[in-house]
Amino acid sequence: MSMYKHYSDGRRRFLKMSALFGTSALISPAIARAEGGGADSPENGGFAASRSRTLGKGSCALEASPLGFGVMGMTYNRSQSPSREQCIRLLHEAVERGVTLFDTAIIYGPLSNELLAGEALSPFRGKISVTTKFGHEVINGKGTGRQDSRPETIRRYCDESLRRLKVDAIELFYQHRFDPRIPVEDVAGTISELVKEGKVRRWGMCEVTPGTIRRAHAVHPLTAIQSEYHLMHRDVENNGVLDVCRELGIGFVPYSPLNRGFLGGCINEYTQFDPNNDNRQTLPRFTPEAMRANMRIVNILQQFGRTRGMTSSQVALGWLLQKAPYIVPIPGTTKLSHLEENLHTLDFTCSPQEWAELENAVAATPVTGARYNAEQQRQVGH
Ligand SMILES: NC(=O)c1ccc[n+]([C@@H]2O[C@H](COP(=O)([O-])OP(=O)(O)OC[C@H]3O[C@@H](n4cnc5c(N)ncnc54)[C@H](OP(=O)(O)O)[C@@H]3O)[C@@H](O)[C@H]2O)c1
């Protein structure tokens, strides 16, 4: 049974219980269900919606809802956003619908995104996981564009994130970008100490190579790798990252699973990005010319969805979910309607042949524009 099918009953009970006890003491029935599950089997091309997925293994394992929630765009890099109250309400709606993995980072804002996550989600601590990321240097609340993963900085960032998130321990602390000055063994060793001290429960890395993953994992087991992955950017299938995750039992969290909204079909060559708060205007794939050309790919997803009752976002997310049981995408949204649409992905099943047809149709359509500019590209793939 899907998370959504339980929604009406669950919501009525939740509201009634909230009135009696206050939301902080509660967790929705959907979450209780999600906690009880195991890994999904994508063998028939589907994914069991009511089950949780497992990122990592052994003492480093983290149970999560099949779809997480990327909090970033609520305050950072996705143009205008609703008020703080609206964002908090939407995050609560996500919890209520069974989402248990929420992703933020120190650099988002900077700081404002962690503060939002802390305010909205700390009442649910112990029931959901808020993951955050260190690495980008932030001085006096401003990003410098440099990396800083020195052990003493990781420790300081950890203490500050704990305060902003209002938790005793960070459920999953990612290194946001590799720092070429600091050997990965030193980063992993620092995390190991923070785990022993009880300040961090698990760790992960973003946009790193299989070689770096192996070295890091040997010092302290990784729970998840987070890299960009969607139908328009499939590098992790070919560069060994998904293979090494499968081999070592590390989870994989695709970020920007809708290609920063593009695969949802709501943005196009005429979209005006907020010049002060949207990194898409710096990305070659988001020039008006590139978006006009790449709209052919959105059309393929829309066509695929049309005969199956799915939207292009659901096609994009469903394709990722059926790739492997250790994958948990983290789409972001500022809208309840999009949250519900994305969670409804879990109600659909397509056969492996159908997914292969979609994949082949998209692969036959060249993508126009690189995903990152030169500076951003320099920071990934170490
Ligand atoms: N590790 C890293 O380096 C890294 C980098 C980037 C992002 N991330 C993480 O990944 C998360 C998601 O990434 P993202 O925000 O870049 O990309 P995304 O999830 O691919 O796309 C988000 C955009 O899609 C739109 N959207 C969501 N659902 C939709 C739907 N059903 N139909 C149409 N549009 C829809 C949202 O707009 P509305 O608000 O209008 O719904 C939002 O602007 C972030 O929050 C962050 O946590 C990590």
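The values are calculated or read from the model by the stated rules, or taken from the named source; none is laboratory data. In this text, all values refer to a predicted model and were calculated from it rather than measured experimentally. Note that we place each Cβ from the backbone using ideal geometry, even for glycine, and neighbour counts take in every protein chain shown. Heavy atoms of the whole protein, side chains included, go into the accessibility calculation; ligands, DNA and RNA do not. Shrake-Rupley method; radii C 1.70, N 1.55, O 1.52, S 1.80 Å.
Structure notes:
- Top positive-direction residue, dipole computed over the chain with Cβ charges, set Ile267, His92, Ser227: His92
- Kirkwood hydrodynamic radius (C-alpha pairs) into Stokes-Einstein, the range 40-378, 37 °C and 0.692 mPa s, D in µm²/s: 163
- Other-chain or far-sequence residues with amide H under 5 Å of Ile170's (modelled H): Val200, Arg201
- Over the range 275-365 - Rg/Rh using Cα atoms and the Kirkwood inverse-distance radius: 0.99
- Inter-part distance where the range 212-231 and the range 127-144 are each reduced to a Cα centre, Å: 18
- With N as its number of residues, the range 53-187 has a Cα radius of gyration that, divided by 2.2 N^0.38 Å, comes to 1.05.
- Net charge of Cβ neighbours under 9 Å - reference Asn259; Lys, Arg +1; Asp, Glu -1: +2
- Residues of type aspartates and glutamates that Lys199 reaches as a straight line, Cα spacing below 20 Å, ignoring anything fewer than 8 places off in the same chain: Glu63, Asp103, Glu114, Glu119, Asp148, Glu152, Asp159, Glu160, Asp168, Glu171, Glu185, Asp186
- Dipole size of the chain about its Cα centre, with +1 on Lys/Arg Cβ and -1 on Asp/Glu Cβ: approximately 560 debye, rounded to the nearest 20.
- Fraction of accessible area attributable to carbon and sulfur, the chain (%, probe 1.4 Å): 51
- Surface exposure of the chain, expressed per residue as accessible area with a 1.4 Å probe, stands at 41 Å².
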